[in-house]
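Here the structure is laid out as structure tokens; the discussion comes afterwards.
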Amino acid sequence: HYFVDLDPEYNSEQTEKMQNYIPRNAWVVKDANSNGYGGVWIMNMDLPLSHQVLLDEKKSPLGNNDNCRYVAQEYAWPPVLYQGRKCHVRVYAVVMSGENRAYVHRKCFLHVANKKFEMKDGFDPAVHITNCCANSHDPEAFAGEILADLHLTQGDIQESKRDDGQKVIPLKEYYPSIASSVQALVKNAIPYVQGGEKNNGFEYLGLDFILSQQHGEPAAYLLEVNCPPSQDTATGLKHAEELHDEVLKDLMDMWVIPCVKCGTANLEAAVGEREGPFGWYCVYKDCTPQDSTQSTPFILPSKAAIVNKIRWSMFERRMKKKDEAMTEIVLNSKLVLKESGTIAGDVDVSTFARTQFPYFSPENERKLIFLENAGGSQVPTQVINRMVESISNRHRSVIGQKSKEDAKRVTLTLLGGSEEKHKVFFGMNASSLFESLARLYVSSGFLRRNHHIILASENHSANVEPWIDAAARTGAKLRWWTVNDSSLASNNVASNDIQKLLSPDTRLVCLSHSSNVLGTVRDIRTICNQIREKCPHAHIIVDGVAAAPHIFPAIDHLGVDWYCVSFHKLFGPHIGAIVGRICALSNICHTKGDQDRQSKVLETGTLNYEACSGIVGLGQYFATLASFASGIPLKKNEELLPGDNPIQFRESFELDISIEIVMKAFERIHEIEKKCLEYVKKSLSRNNQIQLIEDEGHSLPIISFVHKKIPSNEIVDHCSRNHIIIRCGTFLTTELFQRELNLEEHCIKEDQGIIRASFCHYNTLEEA
């Protein structure tokens, strides 16, 4: 015997030493009820420690439970290695029960153990177990998923090269053994997977093989069959996902699409031949004629199979209803194909948007008119699906890390920032992020005694309380930028002219892009220019929570130092983000070590990776909304023909999130919201008993008011009984702001306060 390493450039002295040892009685024992890498033991009966552990009633994995079942496999020896480490190969196969055929795809993966291979007394999982789920926790040792090809040889160097630098391991010499194992498996399993003949059913398999060399002959030993395998890879790495996508696409092209279109795939190739332009190779074909007079034994389906069939039927019914509703919306929007090559028309974006939110689904029996979007918006399907996918396939160090990185890129795109100028930090919400940022300014020494902090009186308390505390800790002085009369700010310097508040001692200016009560959008760029001119060392911190769901922030254009949002008010998950200019961060963290340490002050502990995935889904939603609103460019020679499903036609295009797409989406959002805002304001202004709370300038679709005679809570309760959701309260505004607007008497009692109705783009004019 001898060892073989799949990397010809690798040479290991340890491998040479291992050739002198041959285990005679080594076994792999696995709990039949376990999943992944759990419940696996290596038992080398030649070595005393393994023998003793197996027979020890307390330490043995076999235990004393008569109900437990175990699988025992003889240890494949000598195992083929990759760079001195044990590995297995994941192969994809498909079985067509109605055709009595089986295929193996040429593309596959190597999964590699974390430690160099050696056979010694005791059991080290990092040496023997090659499962990615067991090894990915150690990023320094983890090899990832290595690309391999069952039809490449060592001589096919050019074909195995990839543009991204990833190696492709040639495994053609092991293909005959793998094909033989699949043949034997299918021949014995066909009677148990029959039943899909009428609808061209198939079984998709993920098979794991240990490779070996027996007397110089390549051999592959089947470890297990996953039926079906996961619909994504174990690591989520880009090159691995691309290979898996190629396998699934080839399956769709070879079998699924022809069967849907023509009723059959009409496959005629012999065993060993490849079908058309696809990567699937036929490894089994039973041409024995069926005896129509012979009765087929009835196999009683399992309870799980029956339940799954019922679930699938219900799912199909729901999806059919959704498709029918969506098709009607698109057709009613009078979509036409123009000579310019775009789908355009008088589209009802608001109606389309509602189809993307489960809250407005026809199956939702609540039928509520939701006008409390400023407190937290509804969530589209794209966000929900991403979060469900994330929580269903948790892998913190790989998938979780990637979702965080993707979410930060999407956040910058949604807010109009850039990776060259900005850095994104996630937290529980805007309040916690402002608190962390204030602590950072205090601990860094940037804010000192007698420095000035300017606060806007219209700010939400999240952007007020942390700075009041920071002033108390450092001895800094507060200045208030007010909406109206500055004389109302007792014991504080205040003015409704920010120019009068600026001085050489100004270090922080904390503003709102828009008030969550007034809805007035501030000209932040002009304000920033005024501040920079008089106070070049001051940092500008903006709360964008109320504004971001309605206008494109364009933070690169605004010139602010920090911009904060809460995604649960931006059609996303409950997570906050604050974006800081890199140059502002360097002002308070002078070295890279400082930046790394201070970054942990802003982004503490393990992030909510499911929420990060939801942010990625939010980017998809904005791309979908923009594409529907503005039309999608058609590919050459493609047409929307009579009878085609407009939804499938539209979804056939890949939607990439970009700043241009986000800007298009916000343009349409503004047009829709403007109609609702104008209509409601005009209607309320006719009633002389209603006091509208507003300010001059462009306003968001936030309408705040009080009634001169009817308590606010009674109006909210009346609306609720009539299925309209609005809210009353102080909405965490400052007492100074309440005095400025003469609202103290309304805000004294918590169950009254200001009434607020807030719209967004999925609200219709009929609801208004």
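The values are calculated or read from the model by the stated rules, or taken from the named source; none is laboratory data. On a predicted model such as this, the values are computed, not experimentally measured, just so you know. Cβ: placed from backbone, ideal geometry, glycine included. Neighbour counts: every protein chain shown. Ligands, DNA and RNA are excluded from the accessible area calculation, which covers all protein heavy atoms including side chains. Shrake-Rupley method; radii C 1.70, N 1.55, O 1.52, S 1.80 Å.
Return yes or no: is residue 421 within 30 Å of residue 613 (Cβ to Cβ) and of a type in the set (Lys, Arg)?
Considered against the rule, which asks whether it is within 30 Å of residue 613 (Cβ to Cβ) and of a type in the set (Lys, Arg), residue 421 comes out as yes.
Report, ordered by the first and then the second residue, all pairs with beta carbons closer than 7 Å, sequence separation of six or more or different chains, a first member in region 587-616 that is among the charged types (D, E, K, R), and a second member that is at pLDDT 80 or above.
So the pair list comes out as 603/425; 603/426; 603/427; 610/387; 610/390; 610/391.
Among the strands (runs of 3 or more DSSP E) lying completely within region 662-768, list those that include at least 3 residues that are of a type outside the set (Ser, Thr, Tyr) and under 30 Å from residue 380 (Cα atoms).
Those strands (runs of 3 or more DSSP E) span 702-707, 727-729, 754-758.
Only residues that are modelled with pLDDT under 90 and either surrounded by fewer than 19 Cβ atoms within 10 Å (Cβ to Cβ) or not in a helix (DSSP H, G or I) (or both): list them for region 382-403, please.
Once the filter is applied, which keeps residues that are modelled with pLDDT under 90 and either surrounded by fewer than 19 Cβ atoms within 10 Å (Cβ to Cβ) or not in a helix (DSSP H, G or I) (or both), region 382-403 yields 385, 388, 389, 391, 392, 393, 394, 395, 396, 397, 401.
Can you find a residue that is open to solvent by 10 Å² or more (accessible area, probe 1.4 Å), modelled with pLDDT under 90 and closer than 13 Å to residue 86 by Cβ anywhere in region 131-139?
Yes, region 131-139 contains at least one residue that is open to solvent by 10 Å² or more (accessible area, probe 1.4 Å), modelled with pLDDT under 90 and closer than 13 Å to residue 86 by Cβ.
So that you can scan it fast, the table gives a plain yes or no per residue for (1) crowded, with 24+ Cβ neighbours inside 10 Å; (2) within 23 Å of residue 737 (Cα to Cα):
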residue	(1), (2)
516	yes, yes
519	yes, yes
522	no, yes
533	no, no
537	no, no
542	yes, yes
545	yes, yes
556	no, no
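In region 462-477, what residues are in contact (Cβ under 8 Å) with a residue 60 or more places away in the chain and part of a helix (DSSP H, G or I)?
462, 463
For the subset of region 156-169 comprising residues that are open to solvent by less than 80 Å² (accessible area, probe 1.4 Å) and modelled with pLDDT of 75 or more, which member is nearest to residue 4 (Cα to Cα)?
Only one residue tops the list, namely 169.
Please go through region 419-452 and give me each residue that is within 27 Å of residue 236 (Cα to Cα), open to solvent by 20 Å² or more (accessible area, probe 1.4 Å) and of a type outside the set (Asp, Glu), ordered by number.
Across region 419-452, the qualifying residues are 423, 428.
Quick check on region 498-514. Is at least one of its residues free of Cβ contacts under 8 Å to residues at least 12 places away in the same chain and either open to solvent by 10 Å² or more (accessible area, probe 1.4 Å) or assigned to a helix (DSSP H, G or I) (or both)?
Taking every residue of region 498-514 in turn, at least one turns out to be free of Cβ contacts under 8 Å to residues at least 12 places away in the same chain and either open to solvent by 10 Å² or more (accessible area, probe 1.4 Å) or assigned to a helix (DSSP H, G or I) (or both).
Of all the residues that make up region 242-252, how many are farther than 14 Å from residue 104 by Cα and either at pLDDT below 85 or surrounded by 15 or more Cβ atoms within 10 Å (Cβ to Cβ) (or both)?
Counting residues in region 242-252 that are farther than 14 Å from residue 104 by Cα and either at pLDDT below 85 or surrounded by 15 or more Cβ atoms within 10 Å (Cβ to Cβ) (or both) gives 2.
For (1) modelled with pLDDT of 85 or more; (2) over 21 Å from residue 392 (Cβ atoms); (3) not acidic (Asp, Glu), each residue gets a yes or a no:
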position	(1), (2), (3)
556	yes, yes, no
562	yes, yes, yes
588	no, yes, yes
595	no, yes, yes
605	no, yes, yes
614	yes, no, yes
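Can you tell me which of 489, 476 is over 38 Å from the mean Cα position of the chain (by Cα), at pLDDT below 90 and surrounded by 15 or more Cβ atoms within 10 Å (Cβ to Cβ)?
489
What about residue 275, is it surrounded by 11 or more Cβ atoms within 10 Å (Cβ to Cβ), closer than 26 Å to residue 206 by Cβ and either β-branched (Val, Ile, Thr) or modelled with pLDDT under 75 (or both)?
So residue 275 passes the test.
For residues that are in a helix (DSSP H, G or I) and within 12 Å of residue 564 (Cα to Cα), tally how many sit in region 406-430.
Here the count works out to 4.
Could you count how many residues in region 690-719 are open to solvent by less than 50 Å² (accessible area, probe 1.4 Å), in contact (Cβ under 8 Å) with a residue 12 or more places away in the chain and farther than 30 Å from residue 554 by Cβ?
Result for region 690-719: 9.
Give me the residue from region 404-413 that is touching a Phe, Trp or Tyr at 6+ places or on another chain (Cβ under 9 Å) and open to solvent by 30 Å² or more (accessible area, probe 1.4 Å) and, out of that set, farthest from residue 142 (Cα to Cα).
408
So which pairs qualify, if the first residue must be in region 656-677 and without any contact (Cβ under 8 Å) to a residue 40 or more places away in the chain and under 12 Å from residue 624 (Cβ atoms), the second must be open to solvent by less than 80 Å² (accessible area, probe 1.4 Å) and of a type in the set (Ser, Thr, Tyr), the Cβ gap must be under 8 Å, and the two must be at least 6 apart or on different chains?
661/627; 664/630
Here are the criteria: (1) modelled with pLDDT under 90; (2) surrounded by fewer than 19 Cβ atoms within 10 Å (Cβ to Cβ); (3) within 25 Å of residue 550 (Cβ to Cβ). Tell me which single one residue 352 does not satisfy.
Unmet condition: (2).
Would you tally the residues in region 170-222 being within 30 Å of residue 9 (Cα to Cα), open to solvent by 50 Å² or more (accessible area, probe 1.4 Å), at pLDDT 85 or above and not in a helix (DSSP H, G or I)?
Of the residues in region 170-222, 3 are within 30 Å of residue 9 (Cα to Cα), open to solvent by 50 Å² or more (accessible area, probe 1.4 Å), at pLDDT 85 or above and not in a helix (DSSP H, G or I).
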